[in-house]
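K.L.:
Have a look at this one.
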Amino acid sequence: MPIRVATWNVNSVRQRIDLLLTWLKECQPDIVCLQEIKCVDEAFPRLEIEALGYNVVTHGQKTFNGVALLSKLRFDETKSGLAGDDEDAHARFLEGMVTLKSGVLRIACLYLPNGNPRPGPKFDYKLAWMERLINRAAELIAGNLPVVLAGDFNVIPTERDVYKPERWLDDALFVPEVRHAFERLLAQGWTDTLRQHHPDETIYTFWDYFRNAWARDAGLRIDHLLVSPVLLERVRDAQVDSFVRGWEKASDHAPVWLELDPA
DNA sequence: ATGACTACTCCCAGTAGA
């Protein structure tokens, strides 16, 4: 069986628990990165998810942010938080390591700051957070091991990844500074697997709740699954489960996944 | 468009998301 690794910004796990369980059963991912769980660790609906055969690790926070890792394989180790700023109280980063038959696989689950409004402290925080991510990613890639960097990056990589680029030129998701920082990350050797598997396709992962965006397909591609060089040759597919965005009480983000060769 | 929609919070108008 191939290994499936997914990421989904659920926009409150307590609001989305029924949809999450339905999607887990349908998609059958082996490893899942969740963002915006919007609850503390104790409030995470751990039992329902464990009942489907997942090991669960959370890095939660009251009200905002919060990330979690689910894995059908047991975690050898996990680590929460992104190095580089001891004052940073946002729960946005969580790493885990599992062992496949072929060897170790490391997964980093991230929720990159939005950065709006710009200019301002939120935008400065986003840029600083990206520098910290770039530093950690450099360490990970230097190990020459299989790594997936997955999550809600809040970065629109190119004008093909947004329904109307001209409307987003001044937005913190699309300004040149942010896109360049994302390009610097990729230049370390990471591959954007969703784009690689859909080179000519208009493909989105987020549709605003506003303005009937889903029905108009006015989307953004901001949720990404990046893989390290040694993992690239094992990636067989990458997809967006966009149908989930059409469900009743949907998150504004759809799940994204990639499939690796059998372990 | 200080907009719309959705979710959160010391229950309810203010903050945040993207």
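K.L.:
Which residue fluctuates the most in chain A, going by a Gaussian network model with Cα springs under 10 Å, if the choices are A:165, A:119, A:176?
P.N.:
Looking only at A:165, A:119, A:176, the biggest GNM fluctuation is shown by A:119.
K.L.:
Give the shape of segment A:105-254 as rounded, prolate or oblate, defined through the alpha-carbon gyration tensor: a ≥ b ≥ c are the square roots of its eigenvalues, a/c under 1.5 means rounded, and otherwise the shape is prolate if a/b is larger than b/c and oblate if not. Please list the in-between numbers first.
P.N.:
Working: a/c = 1.87, a/b = 1.22, b/c = 1.53.
Oblate, since a/c reaches 1.5 and b/c is not below a/b.
K.L.:
Still on this structure, I have one more. Please rank A:27, A:33, A:39, fewest neighbouring Cβ atoms within 10 Å first, as an exposure proxy.
P.N.:
Details: A:27 16, A:33 31, A:39 21.
Ascending number of Cβ neighbours within 10 Å: A:27, A:39, A:33.
K.L.:
List the relative contact order of segment A:143-256 as a percent without decimals, with contacts defined as Cα pairs under 8 Å and 6+ residues apart.
P.N.:
35
K.L.:
Given axes a ≥ b ≥ c from the Cα gyration tensor, I'd like to know whether chain A is rounded (a/c under 1.5), prolate (a/b larger than b/c) or oblate. Could you put the intermediate results ahead of the total?
P.N.:
Working: a/c = 1.23, a/b = 1.14, b/c = 1.08.
Rounded is the answer for chain A, as its axis ratio a/c remains below 1.5.
K.L.:
Follow-up. Please turn the phi angles of segment A:100-115 into ³J(HN,Hα) values with the Karplus equation 6.51 cos²θ - 1.76 cosθ + 1.60 (θ = phi - 60°), one per residue in order, whole Hz, x for glycine and proline.
P.N.:
For segment A:100-115, the Karplus-derived couplings read 9, 4, 7, x, 6, 9, 9, 10, 10, 9, 9, 10, 6, x, 5, x Hz, x marking Gly and Pro.
K.L.:
Under 12 Å Cα to Cα from residue A:126, which aspartates and glutamates show up? Leave out anything in the same chain fewer than 8 places away.
P.N.:
Of all the aspartates and glutamates, those that pass the test against residue A:126 - Cα under 12 Å, at least 8 places apart if same chain - are A:88, A:177.
K.L.:
List the Cys residues of chain A that have no partner Cys with a C-beta closer than 4.7 Å.
P.N.:
So, A:27, A:39.
K.L.:
Kirkwood hydrodynamic radius for segment A:41-161: how many Å is it when counted over pairs of different Cα atoms?
P.N.:
15.8
K.L.:
If you don't mind, another one. Would you count, across segment A:1-117, every pair of lysines whose alpha carbons are under 22 angstrom apart, provided the pair is eight or more residues apart or spans two chains? Could the numbers behind the result be given before it?
P.N.:
On the way: A:25/A:72; A:38/A:62; A:38/A:79; A:62/A:79; A:72/A:101.
For segment A:1-117, qualifying lysine pairs total 5.
K.L.:
Identify which of A:186, A:52, A:20 has the largest mean-square fluctuation in a Gaussian network model of chain A, with springs joining Cα atoms closer than 10 Å.
P.N.:
Checking each option, the largest mean-square fluctuation is seen for A:52.
K.L.:
May I ask you to evaluate 6.51 cos²θ - 1.76 cosθ + 1.60, the Karplus curve with θ = phi - 60°, for each residue of segment A:44-61 and list the ³J(HN,Hα) values in order in whole Hz, giving x for glycine and proline?
P.N.:
Per-residue couplings from phi come out as 5, x, 5, 4, 4, 7, 4, 5, 8, x, 9, 7, 10, 10, 10, 10, x, 7 Hz.
K.L.:
What list do you get for A:111, A:204, A:209, A:54 if you sort them by fewest beta carbons within 10 Å? Don't skip to the answer; put the middle values down first.
P.N.:
On the way: A:111 27, A:204 23, A:209 11, A:54 20.
Lowest count first: A:209, A:54, A:204, A:111.
Read-outs: derived from the displayed coordinates by stated rules, not from any lab. Keep in mind the model is a prediction, meaning the values are calculated, not measured. FYI the Cβ positions are ideal-geometry reconstructions off the backbone, even for glycines, and counts take in every protein chain you see.
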